[in-house]
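Structure, as structure tokens:
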Amino acid sequence: MAAMNEIILVSLILIPLIAAIVAMGFPKDNPRPVWYFAIAVSAVTCILSVIAFVGYDYTEGGYQFTRTYDWIGDPVNISLALGIDGIAAPLVLLNGIVLLGAVLISQTIIHRSRDFFVLLLALGSGVFGVFAVQDLFFLFFFYELAVLPMYLLIGVWGSSTDFGTFLRTKEYGAMKLMLVLVGGSVLIWVGILALYAQSANVGSPTFNMIELGELAKAGAFSHEFQRWVFPLFMIGFGILAGLWPFHTWSPDGHVAAPTGVSMLHAGVLMKLGAFGIIRVGVILLPEGASAWMPILIILGTVNVVYGAISAISQHDLKYVIGYSSVSHMGYVIMGIATLHPVGVTGAVLQMFSHGIMTALMFAMVGSIYERTHIRDTNVLNGLIKRMGTASCFFAIAGLASLGLPGLSGFIAEFMVFVGVFRTYLPLAILAVIGAAITAVYMLRLLAKTFFGEADPRWDNLPDSSPLEKAVGAVFVAILIVVGVWPAPLVRVINIGVDSVLQGL
Amino acid sequence: MEWAWLIPVFSFIAVPLIVVLGPRLPAKGAFLAILAMLGGLIVFAMVAVDFLQSGSNTNGCGISEFTKSLTCLYSINWFEAGSFVGDSSDGIRLVWGMLLDPLTVLILGLITIVALMVQIYSLGYMHGDPRFGWYYAFHALFAASMLTLVLADNFLLLYVAWELVGVCSYLLIGFWFERPSARDAAKKAFIVTRLGDVGLLIGILLLWSEVGSFSMVAAFEAANNGSMSQLTATVASLLLFAGAAGKSAQFPMHVWLPDAMEGPTPVSALIHAATMVIAGVYLVARSYPIFVASGDALTVVAWIGLITAFGAATIALTATDLKRILAYSTISHLGLMMLSLGAFGYTAAVFHLLAHGFSKALLFLGAGSVMHSIDELDIRKMGGLRKVMPLTALLFSIGALSLGGIPILSGFWSKDEILIAVSEHLPPAFIILTFMVAFMSALYMGRAMFAVFFGNLNPEHEHAHDAPMSMAVTMSILGVFALVFGLVSLDWPGNFDGIGTLVYFEKELHFHLVPWIAGLSTILAVSAFVLAYFIYARKRISLDSTRAKFNWLHKAVENKYYFDECYQWIVEAIVLTSARLLGLFDRAIVNDIGVNGPGWIVKKVGISMKIHITGHVYSYALGTMLGTIVLGVMWWLRSVG
Amino acid sequence: MMPLVYFQILSAILFGIGAYGVLARRSAVLILMSIELMLNAANINLIAVAAHREGLGHFANFDGHIIAIFIITIAAAEVGLAMAIILRMFRNRGTVDVSQINVMKW
């Protein structure tokens, strides 16, 4: 077991990466073998991520499964340092689950499926890397590895939206997503270099986040420095978290992406941004964080309310979910910005919960779209009659998103409310109202799309495939289990959050 | 008594069993829900007996400082979050706990009995429905959540159960979702109550930040010993009341309840008459120490209660749909309970809650029996049904007379207590209006009863049949409750000293009769029924001339004071329009200008700068040479200077 | 020995002729020849300067000669490549007039 602990994180990163390279050798014209291969690989990573999460000792806390592989020594000092804390552990688990779900649901990708799975596995590897890595250089490397495949995944396998008066091509979605995210990366890279340079000023230059964290605790970064550098990370990572007003890449990107990619994108990728704000921003620049949090929490509140109200006016299923993601990521941002133990714990739990919930929604919408070829809620109706399972699962995810107790969304949002209530009371009221607006658009969507008299057009509509049902059932089960018994997640997150906030 | 948690847990376990195994079981697993409920009822009976026999020395029990009655607390940990190290500990500890006191026990009884009756009744009523299994799954989930709501010892668990009953109500109102009206009613019910819940959740958070715990007892203690300022108590109790008003359909959030009648009738009987809608009243009664500490909040409760009771009673007089008459009557009676709470009539409110619950459930089941038989709800098209469905007619009349306040029946006693409380604690205007509400409630009950079951039989309905077995038996049991339940208020020497000695706030209340109030209310009730008899059964008195004289008033009442239209306008003209504008803003300003704008600028700058790129070799060569010369000259100047 | 400036004037004249040729001629072949002229102007300059410099002890300074030989070698290679390109250009488009060939324009 000890040997297992040594290599678990590096294998989480390398297995999908090597698998992506191996997958390039698969036959081009037969989509099945490469799909089976991708399932096998993602199943292995899923199991490994479960082991990593379960093996994380929450009584001890701190960074565990640590391992360092030197890459470039003195005087540059770059090494692949790995290790997860209580915040990263649930997110690694989340990525393991959603990656497997996304691969399973991508059965329908027939066109150039080999290339699709190569990119998808590379993306998965990048996400694992960001969560597990302890070195800013590699953090950036994996961050880009997670983001860049998105361009091709959306541009090649995506779908365009055309409502006559409103046209969004998949190329537009892919291009916008990529340009905006790369813009964020530039800010992050500048910030990383600033930290590297500053660490050189006080001693030997380092990218290692643990060493940088110790420098931060020792007061090596002046107040002025922190105040200038923190917004680079806040906005750079915030862009990936859908921070208002840099959010528009997100709905358009979600809508254009194929189902499996939407699941990963909204489910996991957006969490990289929020994770980055905590891991890099709050830990390494605590004073900068304290100074900028009032701004961040206001932006987060705008996210919540703005996203929810925008979602009311959408009539494309995927756009509704896209804007709802913007709104829900707002809770994550708010929770982080409270710098209150309950609030930040809630934010991390919300990342997990929203990841599962939104992946479930996209999977079910994908399943519906596959059969009806329509996503317009003004046209769809009475689907629950014909696609009972998919509709039920979607409805459960919808109820989770409006914060129904008994499902995971409530616990997370509630903890965020508690944190915000303690720190910025008026915004807490707005956040609670935002949750009520979520009920408005979600129930309108459910009523329009799933209930009511079914159109005879759908008479011969088959229900989702057994595979889709199985993926949906597992996701629903996770939502319910976390909602009823959140302690296993919360205690792990809590220990991580506690040690982060003690640095403040 | 420690096993009281089993009461909801049986039903919780039944839900997944019905969903997963139901399709393979006989009757689609309906009996699982009924068995779970029966188990709950048995455990409840044992708990109730145990509770009545135990004293303050029983494990986990004590005499509460606030209500001065026996209170028992049991809890286990759920989860905790936040930091508990050091002296700056800041976090939340959440527990699954239950609080048993007379209020809880009585309402548990109401819920278990009515829920069991309704579930058995539904065997007949919902027979042959394609989603029979789902119906019972939702019912079991509802019953479990409602029981949890009543048992909860902390506000957070209460909120959890509160939302769960809300979603069950949503699912059951929209059970026949093929009908757009049912679908929209379900949506409306959920959203309106959800708006109230915003207040409830903020109130809970406010109490938490004040007290540092979600425990109800801790909050009551703070309110009681003055460590919570009066302002905080007022704000918190008004926020709680916002949630209560949403759930209990109080003005101005009453609009969802009449529409909720789109659900199957047994659902209306259980959820929208006897149990879920009383959750608001229960919440106010439960957090009474906070309301009392505030004082002002109770005045607000009284006012809202009175407005609701009066307004809804007038609408009930003009409604023509049998179920909607009952719905407005429910709203009106919930208003009376709130009014009673506002008038320090704690016992009266709880008593009326129970008496009304049994009677109204009976009335709804009776209406369901009529619907089941003739599939008609408009009372103008009905009449004389007692000839073809005598049992339903008898039981419906018992319910109507009880709710109308005819002596000996249960509604009389509870309404009497409310009138006493109002007359003692509130200004005289209140008691006059309350008497008018009592009169109207007898009048619309008489109207419903006589118009449906008396007079001439509509020839279309000659083949109507009386209720089948499962429906008849359950209605009869509830009929017995409606008949005799009121007698628990009396002092039975040697056995039971009346309900006022069991459930009370601060001091025991022994039964007493104020002659003028009892007399006046009896006269009003009897005269209202007589009036209704002559108008609707014998058709001796015509209302046409009065209606013509007060046409504008009649119009306003018939249109429910235009609340629905007003809200519809707000939703369409303000909410949806602003959402559309914001959506447009997101597309046009944030996306097209904010995101595409820089892209457009870069492109334009590129195009304007491309003119120097001719593609001719010699122009590039010229550029190279000129550049070399310029660099050379600069180098030369620099070396010279 | 002739003064250095004579060589430099010759070199400058040759370079000017070459530069004029590159800018003014339209035929790619002539432009190529003009480039050769410019290279050779530079060679003359290099060698002249090298010959006039003080040597280190008994040895002359060979830097200029070495560079000149480099240039001659590279120029030979360049002519070969350039002639090949011009040939392809002529085959494909039937002309070697560079004013006709502006496909590199944006």
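Laboratory data are not the source of any read-out in this text; all were calculated from the coordinates shown. In this text the structure is predicted, and so the values were computed from the model without any measurement. Quick reminder, even Gly has a Cβ in these numbers, built from the backbone with ideal geometry, and neighbours come from all protein chains shown.
Points worth noting:
- Every helix of 4 or more DSSP H residues in chain A counts as -39500 (n - 2.57), and over all residues that averages to -24000 deg cm²/dmol at 222 nm.
- The share of C-alpha pairs in the protein assembly as shown whose separation exceeds 49 Å stands at 42 percent.
- Pairs beyond 21 Å (Cα-Cα), from B:Lys187/B:Lys247; A:Lys318/A:Lys469; A:Lys385/A:Lys448; B:Lys323/B:Lys360; B:Lys247/B:Lys360; A:Lys448/B:Lys555: A:Lys448/B:Lys555
- Two-decimal log10 I(q)/I(0) for the stretch B:463-572, as the Debye equation yields it once each C-alpha is a single scatterer, q = 0.18 Å⁻¹: -1.04
- Size of electric dipole in chain C: Cβ of Lys, Arg +1 and of Asp, Glu -1, about Cα centre, debye, nearest 20: 560 debye
- Average other protein chain Cβ within 10 Å of Cβ, residues A:337-349: 3
- Relative contact order for the stretch B:310-379, counting Cα pairs under 8 Å that sit 6 or more residues apart, in percent: 35 percent
- Principal semi-axes in Å for chain B [√(5λ), Cα gyration tensor, largest first]: 57, 33, 26
- Inter-label distance, nm, simple model (7 Å from Cα along the C-beta direction), A:Ile21/C:Thr95: 5.2 nm
- Our summary gives chain B a relative contact order of 12 percent, counting only alpha carbon pairs under 8 angstrom and 6 or more residues apart.
- Length gained when the stretch B:Met634-B:Leu21 is fully extended (0.36 nm per residue, less Cα-Cα span): 211.6 nm
- As a rough footprinting exposure proxy, the listed residues A:Glu60, B:Glu2 were ranked by other beta carbons within 10 Å of their own, and the order from fewest upward is A:Glu60, B:Glu2.
- Qualifying aspartates and glutamates (Cα of each under 18 Å from Cα of A:Lys28; at least 8 residues distant if same chain): A:Asp115
- Taking label positions 7 Å along the Cα-Cβ direction at both B:Asp592 and B:Glu462, the computed distance is 7.0 nm, reported to one decimal.
- FRET efficiency, 1/(1 + (r/R0)^6) with R0 41 Å, evaluated for B:Ser527 and B:Leu52 via beta carbons: 0.55
- Placing unit charges on the Cβ atoms only, positive for Lys and Arg and negative for Asp and Glu, gives the stretch A:103-224 a dipole magnitude near 420 debye about its Cα centre.
- Paramagnetic reach from C:Met83 (point 7 Å along Cα→Cβ, amide N under 19 Å) across the stretch C:16-52: C:27-40
- The alpha-carbon positions of the stretch A:1-127 define a convex hull whose volume is 115 Å³ per residue.
- Pairwise FRET efficiency - A:Ala473 versus A:Ala3, Cβ, R0 = 41 Å, nearest 0.05: 0.75
- Averaging 1/r over every pair of different alpha carbons in chain A and inverting the result gives a Kirkwood radius of 22.5 Å.
- Note on B:610-621: average number of Cβ atoms from other chains within 10 Å of each residue's Cβ is 5.
- Ordering C:Leu4, B:Pro407, C:Leu37 by the projection of their Cα atoms onto the charge dipole of the protein assembly as shown, which places +1 on the Cβ of Lys and Arg and -1 on the Cβ of Asp and Glu, puts C:Leu37 at the extreme positive end.
- Relative to the Cα centre, the charge distribution of the stretch A:2-502, modelled as +1 at Lys and Arg Cβ and -1 at Asp and Glu Cβ, gives a dipole magnitude of about 940 debye.
- The slack between B:Arg380 and B:Asn225, meaning 0.36 nm per residue of separation minus the straight C-alpha distance, is 50.1 nm.
- Using C-alpha pairs under 8 Å with a sequence gap of at least 6, the mean separation divided by the residue count of the stretch B:60-141 gives a relative contact order of 20 percent.
- Here the residues B:Val514, B:Val630, A:Val282, ranked from fewest to most Cβ neighbours within 10 Å of their Cβ, fall in the order B:Val630, B:Val514, A:Val282.
- Estimated FRET transfer efficiency (B:Leu513, B:Leu553; beta-carbon r; R0 45 Å; 0.05): 0.80
- Burial order of peptide ranges B:434-446, A:256-268, B:469-481 (average beta-carbon count within 10 Å, highest first): A:256-268, B:434-446, B:469-481
- Counting, for every residue in B:90-100, the Cβ atoms of other protein chains within 10 Å of its Cβ and taking the mean gives 3.
- Positive-pole candidate from B:Ser476, B:Ser441, B:Val557, dipole of chain B, charges at beta carbon: B:Val557
- At a Cβ-Cβ separation cutoff of 4.7 angstrom, cysteine residues of chain B with no neighbouring cysteine are B:Cys168, B:Cys566.
- Among A:Leu94, C:Leu39, B:Leu584, a tally of other beta-carbon atoms within 10 Å of each Cβ gives an order, fewest to most, of B:Leu584, C:Leu39, A:Leu94.
- The simple spin-label model puts a point 7 Å past each Cα toward its Cβ; for B:Phe496 and B:Ile607 those points are separated by 8.8 nm.
- Positive-end extreme of charge dipole, the protein assembly as shown - chosen from B:Ile420, B:Val526, A:Ile39 (charges on Cβ): A:Ile39
- Cα centroid separation - the stretch B:359-384 against the stretch A:143-206, whole Å: 64 Å
- Cα-Cα pairs of the stretch C:4-93 separated by more than 23 Å (percent): 35 percent
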